[in-house]
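The values are calculated or read from the model by the stated rules, or taken from the named source; none is laboratory data. Keep in mind the model is a prediction, meaning the values are calculated, not measured. Every residue, glycine among them, receives a Cβ derived from its backbone with ideal geometry; neighbour counts consider all protein chains shown.
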Amino acid sequence: MDNKTVTGKSAASKASKTLKSKSTAKASKSAAGSALSQRETPKKQTSTAAAKSASKTLRDGRTSKASKSAAGSSLSQKGKRK
């Protein structure tokens, strides 16, 4: 089944903010890039590596709300396991 989820406007804005930040960790930027790349393309899915980065970002207590929003969006677009 195709993934029909896309990154919303708010999450895309937060992903952009995350990518622009100089102090953001590599894992957060990876998740944000994945979320931003799926802004209006429902057929794209988050890769396994980006999903791991998103998961790491969500678990890190030092991560900003903007980064966590982008990571959550990215993780929600991960395809189902077969």
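Could we say that residue 51 is modelled with pLDDT of 85 or more, of a type in the set (Gly, Ala, Ser) and touching a strand residue (DSSP E or B) at 6+ places or on another chain (Cβ under 7 Å) here? Answer is yes for this residue. Residues in region 38-81 that are exposed (fewer than 15 other Cβ atoms within 10 Å of the Cβ) and not in a loop (DSSP other than H, G, I, E, B): 4 in all. Looking across region 55-72 at every residue that is touching a Lys or Arg at 6+ places or on another chain (Cβ under 8 Å) and small (Gly, Ala, Ser), the one that is farthest from residue 10 (Cα to Cα) is identified as 67.
Does region 7-19 contain at least one residue that is over 9 Å from the mean Cα position of the chain (by Cα) and either outside any helix (DSSP H, G or I) or among the β-branched types (Val, Ile, Thr) (or both)? Checked region 7-19: at least one residue is over 9 Å from the mean Cα position of the chain (by Cα) and either outside any helix (DSSP H, G or I) or among the β-branched types (Val, Ile, Thr) (or both).
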